[in-house]
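Student: Could you have a look at this structure, given as structure tokens, before my questions?
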Amino acid sequence: MDLPSNPFAVLTFISAPAVLTNASCVLLFGTGNRYGRAVDRAHELADIVLHGATLNPAELNLRVRQLGSAQRRTLLIVRALTCFYTAVAAFVASTLVSLIGAILVSTHAAGPLTIPFALAFAAGSLGVLAMIAGSLMLAVESRFSFSVLRQENAFITERLHSTQHPN
């Protein structure tokens, strides 16, 4: 394997995983905040359900359903976080292996240089797949969260309607 005549080829092979690592970290920070909010909401709902003696049965039922939904939502976020951590690790590995491969090429080291290339490509591909999977999980979680919000809105609207227009 010869050193490419374009010096940017090696730089691109090393910098692309670094840029993707940065993107993964941005997703991690946002998802970490999302996780914190989801856990806080689950604790809030647990307190409401635990001390729900003053709630009417319909509202208590709503809050119990919301607590179950909060648990599923939190699980989706945890899985997305796992994917994003995996992506960061894979991109870091891809960058390191690419750098080692570039050094081996520049020193004209003997041996098969396809191995570092294949490892870097595999690690980078794993990172991309992990980012896609985590992003899809967050999309599902967002839709799920919106569904819970719609249920609460319908409950409140029905409650207001029934208090303003009793039968």
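The values are calculated or read from the model by the stated rules, or taken from the named source; none is laboratory data. Small disclaimer: the values here were computed from a predicted structure and weren't measured. Note: ideal-geometry Cβ built from the backbone for every residue, glycine included; neighbour counts use all protein chains shown. For accessibility, only protein heavy atoms count, side chains too; no ligands or nucleic acids. Shrake-Rupley method; radii C 1.70, N 1.55, O 1.52, S 1.80 Å.
Student: Looking at (1) in contact (Cβ under 8 Å) with a residue 40 or more places away in the chain; (2) over 19 Å from Val128 (Cβ atoms), which one does Ala80 not meet, given that it meets all the others?
Tutor: Result: Ala80 passes all but (2).
Student: What about Phe84, is it of a type in the set (Phe, Trp, Tyr), over 21 Å from Gly36 (Cβ atoms) and either in a helix (DSSP H, G or I) or in contact with a helix residue (DSSP H, G or I) (Cβ under 8 Å, 6 or more places away or on another chain) (or both)? Step through it out loud before you land on a result.
Tutor: Details: of a type in the set (Phe, Trp, Tyr): yes; over 21 Å from Gly36 (Cβ atoms): no; either in a helix (DSSP H, G or I) or in contact with a helix residue (DSSP H, G or I) (Cβ under 8 Å, 6 or more places away or on another chain) (or both): yes.
Judged against the criteria, Phe84 is not a match.
Student: Regarding the stretch 91-102, can at least one residue be identified that is of a type in the set (Gly, Ala, Ser), out of contact with any Phe, Trp or Tyr (no Cβ under 9 Å at 6 or more places or on another chain) and farther than 24 Å from Arg150 by Cα? Reasoning before the result, please.
Tutor: Residues of the stretch 91-102 of a type in the set (Gly, Ala, Ser): 93-94, 98, 101-102.
Now restrict to residues that are out of contact with any Phe, Trp or Tyr (no Cβ under 9 Å at 6 or more places or on another chain): 93.
Filter again for farther than 24 Å from Arg150 by Cα, leaving 93.
Within the stretch 91-102 (the criterion being of a type in the set (Gly, Ala, Ser), out of contact with any Phe, Trp or Tyr (no Cβ under 9 Å at 6 or more places or on another chain) and farther than 24 Å from Arg150 by Cα), the answer is yes, since at least one residue qualifies.
Student: Let me ask something else about it. Determine if the stretch 2-9 includes at least one residue that is modelled with pLDDT under 90 and either under 18 Å from the mean Cα position of the chain (by Cα) or among the aliphatic types (A, V, I, L, M) (or both). It would help to see each step written out before you state the result.
Tutor: Filtering the stretch 2-9 for residues modelled with pLDDT under 90 gives 2-9.
Within this subset, residues satisfying the condition of being either under 18 Å from the mean Cα position of the chain (by Cα) or among the aliphatic types (A, V, I, L, M) (or both) are 3, 9.
For the stretch 2-9, residues modelled with pLDDT under 90 and either under 18 Å from the mean Cα position of the chain (by Cα) or among the aliphatic types (A, V, I, L, M) (or both): present.
Student: Going by what's in this entry, would Arg65 be described as in a helix (DSSP H, G or I), within 20 Å of Gln151 (Cα to Cα) and open to solvent by 90 Å² or more (accessible area, probe 1.4 Å)? Walk me through how you get there before you give the answer.
Tutor: Working: in a helix (DSSP H, G or I): yes; within 20 Å of Gln151 (Cα to Cα): yes; open to solvent by 90 Å² or more (accessible area, probe 1.4 Å): yes.
Answer is yes for this residue.
Student: For the subset of the stretch 94-120 comprising residues that are touching a helix residue (DSSP H, G or I) at 6+ places or on another chain (Cβ under 8 Å) and open to solvent by 40 Å² or more (accessible area, probe 1.4 Å), which member is farthest from Ala16 (Cα to Cα)?
Tutor: Checked the stretch 94-120; the qualifying residue farthest from Ala16 (Cα to Cα) is Gly111.
Student: Right, next: Among the residues of the stretch 49-56, are any of a type outside the set (Phe, Trp, Tyr), part of a loop (DSSP other than H, G, I, E, B) and open to solvent by 80 Å² or more (accessible area, probe 1.4 Å)?
Tutor: Restricting attention to the stretch 49-56, the residues satisfying the condition of being of a type outside the set (Phe, Trp, Tyr) are 49-56.
From what is left, the residues that are part of a loop (DSSP other than H, G, I, E, B) are 51, 55-56.
From the residues that got through so far, the ones that are open to solvent by 80 Å² or more (accessible area, probe 1.4 Å) too are 51.
Taking every residue of the stretch 49-56 in turn, at least one turns out to be of a type outside the set (Phe, Trp, Tyr), part of a loop (DSSP other than H, G, I, E, B) and open to solvent by 80 Å² or more (accessible area, probe 1.4 Å).
Student: A further question follows. Quick one: how many residues across the stretch 125-167 are of a type in the set (Phe, Trp, Tyr) and either surrounded by fewer than 17 Cβ atoms within 10 Å (Cβ to Cβ) or without any contact (Cβ under 8 Å) to a residue 40 or more places away in the chain (or both)?
Tutor: Filtering the stretch 125-167 down to residues of a type in the set (Phe, Trp, Tyr) leaves 144, 146, 155.
Now narrow it down to the ones that are either surrounded by fewer than 17 Cβ atoms within 10 Å (Cβ to Cβ) or without any contact (Cβ under 8 Å) to a residue 40 or more places away in the chain (or both): 144, 146.
Residues flagged as of a type in the set (Phe, Trp, Tyr) and either surrounded by fewer than 17 Cβ atoms within 10 Å (Cβ to Cβ) or without any contact (Cβ under 8 Å) to a residue 40 or more places away in the chain (or both) within the stretch 125-167 amount to 2.
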